[in-house]
Every structure is written in structure tokens, then in C-alpha cells.
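Structure below; questions to follow.
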2 protein chains.
Amino acid sequence: MKKGLRLGIDLGGTSVKMALVDERGRVVDGIRVETSGKPRKLVRSLKIAAVSLLKGRRPLGTGVGVAGDVDPVRGVVRFSPNLHWKNVPIKALMSAGFPKPLFVDNDATAAAWGAYHVDLKGRSKNFVLLTLGTGVGGGLVLDGKLYRGATGTAGELGHVCVDPDGPLCGCGSTGCLEAFVGNRHLVRWAMEEYARRGRRAHEGLTPKDLNHFARRGDPVAKAVWKRMGRALGTGVAGFLNIFNPDTVLLTGGVAAAAPHFMPSLRREVSVRAFATPRRAASILVSPQNNDLGVIGAALLVP
Amino acid sequence: MKKGLRLGIDLGGTSVKMALVDERGRVVDGIRVETSGKPRKLVRSLKIAAVSLLKGRRPLGTGVGVAGDVDPVRGVVRFSPNLHWKNVPIKALMSAGFPKPLFVDNDATAAAWGAYHVDLKGRSKNFVLLTLGTGVGGGLVLDGKLYRGATGTAGELGHVCVDPDGPLCGCGSTGCLEAFVGNRHLVRWAMEEYARRGRRAHEGLTPKDLNHFARRGDPVAKAVWKRMGRALGTGVAGFLNIFNPDTVLLTGGVAAAAPHFMPSLRREVSVRAFATPRRAASILVSPQNNDLGVIGAALLVP
């Protein structure tokens, strides 16, 4: 990767991160912008933020990661439920006021590219990233390159069915990996499980609480993580058989609860994945690195 | 692809196919050898067959597809349940008597490469092949190249779990796609379903019979194909979300029953796959082409 700074922008649902990132994925300088208003208005705020961040520095280009269905070739956000956008030609809207060339991609794809450089130091050829948050996203680096598929939407690993009779997912399907592992679903199941056992969970229960409770030995919290690990293990086993990767990285807020879900994840993988891909893959857990998206976006600039 | 003939060898469990194949994947000449005996003995038979097939012609190289877990870099068959082989250094054993260079790969991977050239004429960039037979295999052409993964076993698409409570699979897991769609499993379920409905299926029932019965309106046979389509649709929907391919090709003996299973497959895909990858992909069914494996093996020679 060419030496020099890149401007990265991570367009999320509630805020935008902007950072100057060097060729090794180190954040040199950063700024946060609130997401509000329509695309044009947002782009105007971004321009102002870019000027104050750049302070006259001239990066090699700009990379933008957007949460949603992105066409990286045309630079269009087809659909972003988080931003409430539909068919927004973001690349065209950003044609002035940002260092060129400009690249646009899905945020999880960008995060995979960031993790590939920062967490793995590029020492992987076939890499599967799973981001565990409200949604469950995925990104793929195959044969050393980002894999985007025919129209830029590859890697929706959270929307692989792990149980057709499972809970309804936000995407309209049932039993998606996300419907077991996504934060909201995890918490909902915990609330139900507390109710089933005649206990009441407090309002606003979070995965962090569940991690805390499990550490203190609470059987319900422990059962919740066990079930989550089983579903995640079923998914990961499939990814091992499909991709034969050298590395699977689990990242996001719930990664902190790894001690509670990894045993059942590994058990599932040992039953469901073939021996050769199982031996070839390191399954790693890394705590949430909120900057992976913005770093990866910046590194989209070659 | 360079102009000229290549020698292809498809090493299956019951017989070996050998063919001279041109750069466009056309079989110019072919021969069949019975599979028997240990690796060394088999290689001796292959040498004799090659001499009689080549008749002095000098192909550009040899490609070998083997049913099983293959290390394409070292040219070793790690494990082949069909051939009863374990750690057989097939490339080393074939170092004399065959046109060089020599390439070894998994048979479904080779078949995907064959289908990519023959069925799709190379007009695809991201292609998922599913071979529906006794086993359910898969092969991947991603960004225009064969994808093999870290240790050569990528594309085991038949061993992705589509229902954790599903039937036991030959691989030791439960609810694999193969456990719903593989010939043996399909027939077993049909027999059980006939029994449940107080009818007796004849001995030696085959998927071909079930296709025939369904065409005549038999409700059990129709239900069997519907269930098969549902499981296959769940798998295919996942592959669309994962790979965002331009083409999914279903091939193998049961492809002939497509009219019976495709409606439920498509229904499942329309519920479970995202709109963009669903629109981007053609899901094609092609009748069994027994030569795809040997053609693809030959075309492993660049």
C-alpha cells in the first residue's frame, strides 16, 4: 500500500466518523459529525468537517463506508435502513470538497478491510469478519482481496439461516444468524427466558448486563450466552466449510462475553465443520474496535 | 486459455474417466477405467489407459479431479471416503507417464471450472455450482478465478446446516443441506413418508422414480420434492447473501425434477435472500453432465 494519508469516512446511522489514516491503518487525526438531515445537507456538514480535519493536508484520496446496500461501482447507496436513504448517489454528491479519488463501499466490507490490515497486519489470505452488534454484518477478504460479489452486497453473513424455525429477523426471514446473535434479539430472548423462569429482568437490559450476570453465575444469563454460542457456532461451521479461511474474526460489543459463548461455539464447530478447514482456521475474538470501519474506509484508497 | 489439448482425469469412487479436452472444454476423445486396488495399482492402470488414449498426441498437461479432501498445492489426497484413500501423494505417484505439468484438485472444484467454461462459456464472474447427487458438492468461481480457500477444501456447500434439528448427515453433523437433498436422504425420507401415509414404496426406490411419480400427481412424491426444494432454497438463499453471485447452477441427476422442487426453492429464496443479490443472480438448472468433472480437471491446466 502506497505511503501517505487517506481520508476515511464511516457513515453510520447516528453519527459519522471521519479520520485521517496512514498506510498502516493508524488513525492520525479524527473527528465525529452528527448524522442528521437529508443527503445533501449531510454532505455539506461533511465538507466543513473535512476542511477542519485536513488543516491543509492533502491525502491520497477518500474512502467512504456506508451502513447499507451499496453499489461500489456507481457509488450509489441503494438502500440504508439506518440512514433512511434510498438510491442516493453519494459519490456524485461528494464529487467536490473531498480528496480524490473517492471510493464508496459497504461499512462491514470496509471494516473487514480495516481488520485485515490492523488486526491481522495483512497476514492472512482468506479472512472472514463477523461484526456482532445490533445487526450482524460480515466482510470477506478472499485470496488477499476484498470480495464484493456481482453487485457489491456479498458478505451478508448475518443473514444466513441457521434454523428455519427460528425467530423472525428484521430482514423478513426467520432464523437468520442475526435473529439469534444480534443485540436486540439476544436481549429479547433473555427477557423471555427470565419471564419463563418466573423472574423479572430490569428495563433496558443490555448484552453488557448479561455478560456481567453470567460472570456472577446467573443461570439464565449463562443459558442465553450458551444458546447464542450454539447459533453462532452453526454459522461459523458453515463459513469454515464454505470458505476454508485461515482466520475468522469475531468483533463487536458482545466479543467481551466470549468466555460465556465460545465453549458452545467451539463445540458446534467441532461437530459441524470438516476437520481440514477446522484445523486451518483460527477463530479469534477481538474486542470492539469502533475505528475499524473508518480505518477500512480510508484504506479503500489504494 | 492457451489453444491445445489437455488430459483430464476424473477419479471417482467406482470408475475413472479420462479424456482429451480442447481449450473450449470439448471432449475430443475419452476412455473409462475401473477403479480398483490401491493407489499404485490404480496409477499403473491409468498409465496404460493414457497411452492408448493419447495415441502419440502430446497435450499441454494433465489435470486430475479427485472426490475427497485434496491438497492442491502438495498434490495430496488427504482423505477420500469413496476411494478409501488417506494421505495419498497422488501427484508424486503420477510424476511419470502423464503429460506435464500436472494439477490435482477436488472433483467438485474441477466440475465448477468445467461448468464455468462449458455451460457459462466463461460469461460469469461470480459463480456458485451445486452438484446434486449421492453427495451434495459445491464449487466456487469468484472474481473470475477458482476459489480454493486456505487449504484447498473451500466450497463444501452441501455441508452447511440448514436446520440444526434436521436429519443426521453422513459427515456426522445434523441438518446439512446434503441430509435433505442428497439422493440417499431424499429416498429415505420418501420411504418414511409413504409408510406414514400407510403406503408401501417399492424396494430400490430412486429419485428418478420420485420424479416420475410426481409427474403423475402422486402426493407423497410431490411432498418429497417440495420439502427438498425448501431445504435447497434455504441453502441457496444463504449463498446469494454470502456470495452475491451472478449465477447459481444446480446440476446432477435430480436436476431433471426441477419442475417439482423449483417453485418451493424460489419461494424460500424470495423470503430469505436480500433483494439486490436476488435480482443479480440467475438460478439455473442443468441436467446432469457427467463430463463436467473430467472437462474441468483438464482445464486446470492453464
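Pick out, in residue order, every one of the trypsin sites (Lys or Arg not before Pro) in segment B:20-117 that is DSSP loop and has at most 11 other C-beta atoms within 10 Å; say none if there are none.
B:Lys55
If I model a spin label at A:Ile31 and B:Val28 as a point 7 Å from the Cα along the Cα→Cβ vector, what separation in nanometres do I get?
Rounded to a tenth, the inter-label distance reads 6.6 nm.
Express in nm, to one decimal, how much length is gained between B:Asp143 and B:Ser45 on full extension, taking 0.36 nm for each residue of separation and deducting their alpha carbon distance.
Gain in length upon complete extension: 31.5 nm.
For q = 0.05 Å⁻¹, what log10 I(q)/I(0) does the protein assembly as shown give under the Debye formula with an equal point scatterer on each alpha carbon and no solvent?
Scattering profile of the protein assembly as shown, log10 relative to I(0): -0.24.
How far, in nm, would the chain grow between B:Ala275 and B:His212 when pulled straight, counting 0.36 nm per residue and subtracting the alpha carbon separation?
Details: separation 63, 0.36 × 63 = 22.68 nm, distance 3.42 nm.
Answer, rounded to one decimal: 19.3 nm.
Hey, how much of the P(r) for chain B falls beyond 27 Å, as a percent of Cα pairs?
43
Quick one: B:Glu268, B:Glu193, fewest Cβ neighbours within 10 Å first, how do they rank?
Numbers: B:Glu268 23, B:Glu193 17.
Neighbour counts put them in this order, fewest first: B:Glu193, B:Glu268.
Report the normalised scattering of segment B:62-127 as log10 I(q)/I(0) at q = 0.18 Å⁻¹, calculated by the Debye formula with identical scatterers on the alpha carbons.
So the normalised log intensities are -0.69.
DSSP loop trypsin sites (Lys or Arg not before Pro) in segment B:184-255 with at most 14 other Cβ atoms within 10 Å of their Cβ, which ones?
B:Arg197, B:Arg199, B:Arg200, B:Arg216
Which distances, shortest first and in nm, link A:Thr14 to the matching position in the other copies, using label points set 7 Å out along Cα to C-beta?
6.1
In nm, give the distance between the simple-model label positions of B:Ser282 and B:Arg188, each being 7 Å from the Cα along the Cα-to-Cβ direction.
Result for the modelled spin labels: 3.6 nm.
If you average 1/r over every pair of different alpha-carbon atoms in segment B:122-286 and take one over that average, what Kirkwood value in Å do you get?
16.2
Moving to a separate point now. Over 31 Å between C-alpha atoms is what I'm after, so list which of A:Lys2/B:Lys145; B:Lys3/B:Lys55; B:Lys55/B:Lys125; A:Lys125/B:Lys41 land there. Write down the numbers at each step before the final one.
Numbers: A:Lys2/B:Lys145 26 Å; B:Lys3/B:Lys55 19 Å; B:Lys55/B:Lys125 37 Å; A:Lys125/B:Lys41 37 Å.
Correct reply: B:Lys55/B:Lys125; A:Lys125/B:Lys41.
What fraction of the DSSP beta bridges in chain A is antiparallel, stated in percent and rounded to the nearest 5?
Details: 29 of 51 bridges.
Looking only at bridges with both residues in chain A, the antiparallel portion is about 55 percent.
So which DSSP H runs in chain B come out at 24 Å plus along the axis (Cα) with average Kyte-Doolittle of at least -1.0?
Taking the DSSP H segments of chain B (at least 24 Å long, mean hydropathy at least -1.0), we get B:219-243.
Taking a label point 7 Å out from Cα toward Cβ, give me the nm distances from A:Pro302 to the same spot in the other copies, shortest first, one decimal.
Relative to the other copies, A:Pro302 has label-point distances of 1.9 nm.
Dipole of the protein assembly as shown, Cα-centred, from +1 at each Lys and Arg C-beta and -1 at each Asp and Glu C-beta, to the nearest 20 debye?
800
Using only Cα atoms, locate the centre of segment B:78-109 and the centre of segment B:1-28, then give the distance between them in Å, rounded to an integer.
15
Where the label is 7 Å out from Cα toward Cβ, how close does B:His84 come to the same position in every other copy, in nm, shortest first?
6.9
The numbers here are math on the coordinates, done by the rules we state, and not lab data. A quick note: this is a predicted structure, and the numbers were derived from the prediction, not measured. Note that each Cβ is placed from the backbone with ideal geometry, even for glycine, and that neighbours are counted across all protein chains shown.
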